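One structure below.
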Amino acid sequence: MSARAHGVWWRWGAVGALVAVLAALPAIVGALPASDAAVPAADLRDAAVGSADVGFSGYAVSAGGLRLPVTQQLTEAADLFSDRTTMRVWWRGADDHRVDVLGAAGETGVHRDAGGTWTWDYESSVAARGEPASLALPSPPDLLPSSLGRRLLSEATGGELTRIGARRVAGRDALGLRLVPAEPGSSVDRVDVWVDRATGLPLQVEVVAAGARQPALDTRFLDLDLGVPPASVVAFTPPADARIVPAPDPLSAALDSGRSSPAVQLPAALAGLPRRPLEGVPPAVGVYGRGVTQLAVVPVSPGNTSGLRRALHAAPGSVVGPAGVRLAAGPLAVMLVETPDLRAFLLAGTVTLDAVAEAGNGIWRLRPS
Amino acid sequence: MIGVELSKLFRRPRTWTTIAVLNALPVLVAVLVRLTDLAPRPGEGPPFLSAVLTNGALYPLAALAIVLPLFLPIAVAVVAGDSVAGEAQAGTLRYLLARPAGRTRLLVAKLVSVVAFVLVTVLVVAAVGYLTGTTVFDVQPAAGTSVSGTSLTQEELVGRTLLAIGYVTVSMLGVAAFGLFFSTLTDSPLAAALGALAVLVASSLLFTLDAASPIAPYLPTRYWLAFVDLFRDPVLWRDLTRGLALQGVYVGVLLAAAWANFTTKDVTS
């Protein structure tokens with residue numbers, strides 16, 4: 001081989017080796033094994049549910065695959081479950097935290113304090129103040145792995161839980177906990193929660209719908225720093241030039257409608273799911289079920305009924321029955337029931353289409369008391 | 001040799017014409033926004049463009065965000081693609097290599113001149129943006145508002161703007177490295193520039209696809225807009241550090257490839 005050819009091979013060989021090393025680095029880091037521990041499923045659940053007071057700050061991302069039919073009032077809540085949401089969080093406690101949803105050109109920050117929430121939207125320069133409510137649409141803090149994991153595990157029974165090994169999440173050892181709901185009408189196949197071995201903090205949650213291979217919702221921390229963040233980072237004072245408004249509440253119209261509608265006594269059970277007690281909501285609003293299998297029934301005001309009906313009819317896969325139109329988006333079933341006396345109810349929950357149809361028939365047969 | 005290359009680059013009228021054209025778009029956008037008072041709706045348009053209506057001092061950032069996705073990388077790709085291939089096409093490359101300095105030093109000199117072009121271009125865009133913003137829009141004299149809604153002092157605003165200028169400059173180094181590498185592969189400056197642009201267009205397209213999310217962290221354009229993170233409070237360093245590291249990897253690998261190719265190729269023109 002000539003000296004020139006040798007030089008060519010030497011130089012390109014060095015470049016190839018550099019590329020190979022750099023390309024292999026992510027795979028090597030990703031293959032670092034996680035350390036498992038012999039923690040029983042019930043103990044791990046208790047640790048996760050009791051982690052609300054663990055202080056931390058972090059960076060999380062959630063990816064939802066639910067293609068929800070939306071109306072103008074529900075767009076933001078639907079986006080949380082259909083898009084990729086990137087969040088920064090500073091957590092001092094359940095009533096003292098900050099969650100920023102990051103966008104390429106701005107951010108929407110939710111600051112929770114003892115009296116309620118400030119929601120800051122940079123691009124519209126609006127600060128909205130909201131009060132705590134017993135029934136509210138999902139917001140970004142609800143999508144954090146820590147919050148969602150605690151919520152989903154809070155009512156799990158011992159028979160529904162099993163251990164599933166360990167993995168590394170956000171650079172920490174996370175112990176796996178699998179929840180398989182016992183209710184026959186559940187549309188959730190399983191929920192995998194990966195819990196921080198040291199603190200009990202849920203670090204990743206995957207919700208898999210019945211019959212699906214990919215998670216309908218996957219939320220996880222990418223970075224996590226344990227330790228209580230400073231109060232100054234969590235607190236919020238609206239900027240001087242911001243427009244201050246009351247926080248919009250899409251459910252208020254439904255609740256008002258429930259209060260003003262003729263007295264309706266919702267049944268004690270729907271589709272085999274018992275009704276849950278709820279404070280501060282009118283009798284026409286109800287939540288049924290337990291754990292990860294729940295169904296909400298909310299009256300729809302006449303002004304919103306036609307828009308909702310159009311959105312559901314236009315959605316692919318919608319099924320029209322005598323009681324109304326129903327639709328499944330991943331594990332979430334939605335049904336609009338319009339009764340013969342022209343009242344309308346929205347049913348939404350993690351139940352099968354058959355179960356929501358059965359519940360819809362139960363609502364359709366209701367008469368004012 | 002570096003001085004010669006810098007002098008050659010900045011004496012060319014087309015260099016300054018490119019920079020001037022690059023500034024025309026942000027100026028036009030500022031005039032249109034001022035005349036119509038129509039800022040982009042939330043979630044649409046370049047970062048900071050809606051904020052300049054209340055504080056024109058932020059317009060350097062809006063100007064950078066306007067040129068960053070397309071105009072700036074085109075300019076950098078054209079200059080970088082021309083660096084070696086332009087000499088070959090003009091028939092001057094073999095005379096340059098006749099000097100005792102060597103091919104590696106010539107490559108380094110070309111790289112330094114491209115980096116200088118990137119830096120000067122970004123600085124001019126920011127300076128023209130500042131002049132435009134403070135002339136066309138109202139200015140808050142004391143402070144500004146961070147993306148997170150906290151107050152920023154004038155010193156903090158200036159410091160973070162300078163960091164953003166530096167970050168955008170580094171972000172363009174990957175484009176420059178692609179252009180320089182392709183410039184050593186061909187005698188056609190146009191082909192080299194188009195090659196670099198093809199990589200960037202492919203990267204931008206892949207970034208929008210969910211199916212490409214496993215490779216998204218390694219796309220050269222992935223972290224370009226992370227300079228916005230400098231204006232969050234606290235500053236979000238995550239994507240900024242990853243963006244700097246990623247550009248460093250691309251620059252290192254592509255310069256090594258350019259060096260391996262250029263130092264062993266037959267130069268006949």
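For A:Asp53, the conditions (1) loosely packed, with under 13 Cβ neighbours inside 10 Å; (2) within 14 Å of chain B (Cβ to nearest Cβ) are fulfilled apart from (2).
Per the listing A:Ala133, A:Ala128, the residue uniquely modelled with pLDDT of 85 or more, aliphatic (A, V, I, L, M) and either outside any strand (DSSP E or B) or outside the structural domain of A:Gly303 (by TED's automatic domain parsing) (or both) is A:Ala128. When restricted to residues that are more than 10 Å from chain B (Cβ to nearest Cβ) and assigned to a helix (DSSP H, G or I), the stretch A:18-41 contains 8.
Within the stretch A:264-286, does at least one residue satisfy the condition of being closer than 30 Å to A:Arg45 by Cβ, open to solvent by 30 Å² or more (accessible area, probe 1.4 Å), at pLDDT below 85 and in contact with a strand residue (DSSP E or B) (Cβ under 7 Å, 6 or more places away or on another chain)? The answer is yes, given that some residue of the stretch A:264-286 is closer than 30 Å to A:Arg45 by Cβ, open to solvent by 30 Å² or more (accessible area, probe 1.4 Å), at pLDDT below 85 and in contact with a strand residue (DSSP E or B) (Cβ under 7 Å, 6 or more places away or on another chain). Looking across the stretch A:179-188, the residues that are in contact (Cβ under 8 Å) with a residue 40 or more places away in the chain and in contact with a strand residue (DSSP E or B) (Cβ under 6 Å, 6 or more places away or on another chain) come down to A:Leu179, A:Pro181, A:Glu183, A:Gly185, A:Ser186, A:Ser187.
Restricting attention to the stretch A:326-342, the residues that are buried (at least 22 other Cβ atoms within 10 Å of the Cβ) and not hydrophobic (A, V, I, L, M, F, W, C) add up to 3.
Mind checking whether some residue in the stretch A:292-302 is part of a strand (DSSP E or B), out of contact with any Phe, Trp or Tyr (no Cβ under 9 Å at 6 or more places or on another chain) and modelled with pLDDT of 90 or more? Scanning the stretch A:292-302 turns up at least one residue that is part of a strand (DSSP E or B), out of contact with any Phe, Trp or Tyr (no Cβ under 9 Å at 6 or more places or on another chain) and modelled with pLDDT of 90 or more. Counting only residues that are more than 9 Å from chain B (Cβ to nearest Cβ) and more than 17 Å from A:Pro246 (Cα to Cα), the stretch A:100-113 holds 1 of them. Might you check whether a residue that is among the charged types (D, E, K, R), open to solvent by 30 Å² or more (accessible area, probe 1.4 Å) and assigned to a helix (DSSP H, G or I) occurs anywhere in the stretch B:156-172? Yes: one or more hits. Among residues of the stretch A:114-127 that are within 7 Å of chain B (Cβ to nearest Cβ), those with a Cβ under 6 angstrom from a residue that is of a type in the set (S, T, N, Q) and open to solvent by 20 Å² or more (accessible area, probe 1.4 Å), sequence gap 6+ or separate chain, pair up as A:Asp121/A:Thr108; A:Glu123/B:Ser50. Every condition in (1) within 14 Å of chain A (Cβ to nearest Cβ); (2) open to solvent by 30 Å² or more (accessible area, probe 1.4 Å) is met by B:Leu190 except one, and the failing one is (1). Output the residues belonging to the stretch A:128-139 that are more than 14 Å from chain B (Cβ to nearest Cβ) and either closer than 28 Å to A:Leu224 by Cβ or among the charged types (D, E, K, R) (or both). The answer is A:Gly130, A:Glu131, A:Pro132, A:Ala136, A:Leu137, A:Pro138, A:Ser139.
Listed here are the residues, each with its yes/no results for (1) open to solvent by less than 10 Å² (accessible area, probe 1.4 Å); (2) in a loop (DSSP other than H, G, I, E, B); (3) within 14 Å of another protein chain (Cβ to nearest Cβ).
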residue	(1), (2), (3)
B:Leu119	no, no, no
B:Gly129	yes, no, no
B:Thr132	no, no, no
B:Gly149	yes, yes, yes
B:Leu152	yes, no, yes
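Annotation: of all residues in the stretch A:207-255 being part of a helix (DSSP H, G or I) and at pLDDT below 90, the one that is surrounded by the fewest Cβ atoms within 10 Å (Cβ to Cβ) is A:Ser252.
For the stretch A:325-348, a residue qualifies if it is closer than 26 Å to A:Phe81 by Cα and in contact with a Phe, Trp or Tyr (Cβ under 7 Å, 6 or more places away or on another chain), and exactly one does: A:Val337. The residue of the stretch B:53-96 that is nearest to the other protein chains (Cβ to nearest Cβ), among those that are open to solvent by 10 Å² or more (accessible area, probe 1.4 Å) and not in a helix (DSSP H, G or I), is B:Thr54.
Taking the conditions (1) away from chain B (no Cβ under 12 Å); (2) crowded, with 23+ Cβ neighbours inside 10 Å; (3) not in a strand (DSSP E or B) in turn, A:His97 satisfies each one other than (3). Residue under question is A:Ala311, and the condition is that it be part of a helix (DSSP H, G or I) and in contact (Cβ under 8 Å) with a residue 24 or more places away in the chain; does it hold? Yes, satisfied. What number goes with the only condition from (1) under 15 Å from the mean Cα position of the chain (by Cα); (2) free of Cβ contacts under 8 Å to residues at least 60 places away in the same chain; (3) within 12 Å of another protein chain (Cβ to nearest Cβ) that B:Leu225 does not pass? Condition not satisfied by B:Leu225: (2). Across the stretch A:59-73, the qualifying residues are those that are assigned to a strand (DSSP E or B) and of a type in the set (Gly, Ala, Ser), and the one among them that is modelled with the lowest pLDDT is A:Gly64.
The values are calculated or read from the model by the stated rules, or taken from the named source; none is laboratory data. Because the structure is predicted, anything quoted here is derived from the model rather than measured. With ideal geometry, Cβ positions are generated from the backbone for all residues, glycine too; neighbour counts draw on all protein chains shown. Just so you know, the surface numbers come from the protein's heavy atoms only, side chains and all, with ligands and any DNA or RNA stripped out. Shrake-Rupley method; radii C 1.70, N 1.55, O 1.52, S 1.80 Å.
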